[in-house]
Amino acid sequence: MEKYKIFISGVQKELKEERRMIKSFILSDVLLSEYFDVFLFEDVPAKSKPAESVYLEKVRESDIYIGMLGQQYGSVKKGKISPVEAEFREAKKQHKTILIYIKGENGANDKKRDVGVQRLIKEIGDAREGFVRKRFNSTDELLSLVYASLIDFLREEDIVGRGAFDERICKEAKLSDIDEDKVHWFLKTAKAARKYPLKIKTPIKDVLTHLDLMKDDKLTNAAIVLFGKRPNKFFKQAETKCLQLSGTEVKKPFVNYQVYDENLFEQIDKAVAFVLGAIKFPVIQKTRSARFERPYEIPEFAIQEAIVNAIAHRNYNRPSGIQVMIFADRVEVWNSGSLPSELTVEDLKKPHTSFPANPFIANVLYLADYAQKAGSGTIEMIEQCKAQHTPEPEFTTIRNKEFRTILPRDIFTEKTLSEMDLNKRQIEAIKFIKIGGRISNKEYQKTFKVKKRQSTDDLKELEAKGILAKVGTTGRGTYYVLKGR
């Protein structure tokens, strides 16, 4: 098994002892040494590469960033930030698991630290960032905190302390908690879709046993979330939240907000319907035909596959549920958990082996024709988006704790716009149109506080680059819309 890589950061001169002791402690511990490898910059032999490129490259290669903050900010070249801050910024940018340990108590002691350290402590203390942040006064205390954090990491990855969520026994559950109608529906569906061998009238207990959803006559967690009458009675986190927003950012009030906490099949069906009900459904007449095609702006398969993957692969040990968010320009599907260590985001774009986080749930979803064959779903998503001339889905992990699938609703994604040499006003104008549908020259002037000449130049450039289309010729009724929308 490939080990998780840990990058240790901290001002080398001030925290030399602590850096060394963390590495030595991890590599000498029987359990931690089996799962972790540790990088210290001072152990790298002299190379021709600049030091900065070496340590930033190692941050990118790591799974976990351990940062220590003391009194000193570290050496800084003119116009640059310290190596410690650069490493932290790179870990944050790459969405690594970030563990921060601050030497010394807070209060008056923090005010004596270098200004750069004070600034980092304040930023790291923002609860919304989700960093692990602890204080220590001795090396023994530090090692104890590091050990606890790494064990928590292994627990969350379902490596130590317990089996996978879906195979564990749901202690309080009884057979009467199972929805018999849903089991019978599954048998009919699985028989038609996958030639599942059990007969429709097979006793419920026998069906669940055949699916490995019962152990020693006791129901597993998977049995409850798949076929339970009230899964939320046992697992509050087993829910899917769907939000429709008016703009391109998360801001209240929401256009629509629904929480689905029924069995997983119902959650998938309702979440998919929620998205399809919110995105555009244009009427397009076929060439040389009186028939009309009505394709969604995002292929229906891509939407369902994103939601199914989130539900099948999420980390049910964490309190956060699935979140489906419909923005003016994209749909995002979030789930707790991350890719298995065997896969990268790039692997999802080519044939790959499947490593389901919840294999028993994934198996039942496959038999019911909700999930694709191992490793083929994300490829099919990409192919269908290409066939419909819509942007490919984007996949990303956030600090190894969250996975996101992003489905653009138009070709003018943030990535595309960043590559088109546009000024900030023009990018904001495109977002403005995505929300309101159009923009006039007068609205552009008022919104961005520019004169008519500047506004006209900006809009003409957007038109010339094929981003906007002008409606009307001259006068008050003239306005601009996104081309192709």
Do we find a residue being touching a Pro at 6+ places or on another chain (Cβ under 8 Å) and either of a type in the set (Val, Ile, Thr) or under 30 Å from Thr189 (Cβ atoms) (or both) anywhere in the stretch 318-329?
no
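Being free of Cβ contacts under 8 Å to residues at least 60 places away in the same chain, closer than 21 Å to Glu156 by Cα and of a type in the set (S, T, N, Q) narrows it down to one of Ser62, Ser75, so name that one. Quick ask: steps written out before the conclusion?
Details: Ser75 fails: closer than 21 Å to Glu156 by Cα.
Result: Ser62 is the single residue among Ser62, Ser75 that is free of Cβ contacts under 8 Å to residues at least 60 places away in the same chain, closer than 21 Å to Glu156 by Cα and of a type in the set (S, T, N, Q).
Out of the residues in the stretch 15-35 that are in contact (Cβ under 8 Å) with a residue 60 or more places away in the chain and of a type in the set (D, E, K, R), which is surrounded by the most Cβ atoms within 10 Å (Cβ to Cβ)? Give the derivation first.
Going residue by residue through the stretch 15-35, those that are in contact (Cβ under 8 Å) with a residue 60 or more places away in the chain are 15, 17-18, 21-22, 25-26, 29, 31-32, 35.
If we keep only those that are of a type in the set (D, E, K, R) too, we end up with 17-18, 29.
Working: Glu17: 10, Glu18: 21, Asp29: 15.
Among residues in the stretch 15-35 that are in contact (Cβ under 8 Å) with a residue 60 or more places away in the chain and of a type in the set (D, E, K, R), the one surrounded by the most Cβ atoms within 10 Å (Cβ to Cβ) is Glu18.
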Restricting the stretch 275-315 to residues that are surrounded by fewer than 14 Cβ atoms within 10 Å (Cβ to Cβ) and hydrophobic (A, V, I, L, M, F, W, C), the residue that is modelled with the highest pLDDT
Phe281
Check Val44, Val54, Val38 and return the single one that is buried (at least 19 other Cβ atoms within 10 Å of the Cβ) and either assigned by TED's automatic domain parsing to the domain that holds Pro83 or within 24 Å of Ile151 (Cα to Cα) (or both).
Val38
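Within the stretch 57-81, track down each residue that is outside any helix (DSSP H, G or I), surrounded by 17 or more Cβ atoms within 10 Å (Cβ to Cβ) and touching an Asp or Glu at 6+ places or on another chain (Cβ under 8 Å).
Taking the stretch 57-81 as the starting set, the residues that turn out to be outside any helix (DSSP H, G or I) are 62-81.
So of that shortlist, the ones also surrounded by 17 or more Cβ atoms within 10 Å (Cβ to Cβ) come out as 62-70, 72-74.
Result: Tyr65, Gly67, Met68, Gly70, Gln72, Tyr73, Gly74.
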Only residues in the stretch 421-443 that are free of Cβ contacts under 8 Å to residues at least 12 places away in the same chain count as the first member; pair them with residues that are surrounded by fewer than 17 Cβ atoms within 10 Å (Cβ to Cβ), Cβ under 7 angstrom, at least 6 apart or cross-chain, and list the lot.
Ile427/Leu417
Only residues that are part of a helix (DSSP H, G or I), more than 24 Å from Ser82 (Cα to Cα) and acidic (Asp, Glu): list them for the stretch 127-160, please.
Asp140, Glu141, Asp152, Glu156
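Take Asp212 and tell me if it is closer than 19 Å to Ile361 by Cβ, assigned to a helix (DSSP H, G or I) and within 30 Å of the chain's Cα centre (by Cα).
On the way: closer than 19 Å to Ile361 by Cβ: yes; assigned to a helix (DSSP H, G or I): no; within 30 Å of the chain's Cα centre (by Cα): yes.
No; evaluated as a whole, the condition is false for this residue.
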Can you pull out the residues in the stretch 333-353 that are surrounded by fewer than 19 Cβ atoms within 10 Å (Cβ to Cβ) and not in a helix (DSSP H, G or I)?
Leu339, Pro340, Ser341, Glu342, Leu343, Thr344, Val345, Lys350, Pro351, His352, Thr353
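Take the residues of the stretch 348-391 that are in contact with a Leu (Cβ under 7 Å, 6 or more places away or on another chain) and not small (Gly, Ala, Ser): which is farthest from Phe403 (Cα to Cα)?
Top of the filtered list is Val364.
Can you name the residue in the stretch 91-126 that is within 18 Å of the chain's Cα centre (by Cα) and assigned to a helix (DSSP H, G or I) and is also surrounded by the most Cβ atoms within 10 Å (Cβ to Cβ) among such residues? Before you say what the answer is, go through the steps one by one.
Looking only at the stretch 91-126, we keep the residues that are within 18 Å of the chain's Cα centre (by Cα), and these are 91-98.
Narrowing further to those that are assigned to a helix (DSSP H, G or I): 91-93.
On the way: Ala91: 25, Lys92: 17, Lys93: 11.
The qualifying residue surrounded by the most Cβ atoms within 10 Å (Cβ to Cβ) is Ala91.
Count, please, the residues in the stretch 311-332 that happen to be assigned to a strand (DSSP E or B) and either more than 19 Å from Asp269 (Cβ to Cβ) or in the same structural domain as Lys431 (by TED's automatic domain parsing) (or both). Quick ask: steps written out before the conclusion?
To start, the set of residues in the stretch 311-332 that are assigned to a strand (DSSP E or B) comprises 322-326, 330-332.
Imposing the further condition that a residue be either more than 19 Å from Asp269 (Cβ to Cβ) or in the same structural domain as Lys431 (by TED's automatic domain parsing) (or both) reduces the set to 330, 332.
Total meeting the criteria: 2.
The values are calculated or read from the model by the stated rules, or taken from the named source; none is laboratory data. All of these numbers come straight from a predicted model, not from anything done at the bench. Virtual Cβ from ideal backbone geometry, glycine too; neighbours counted across all protein chains shown.
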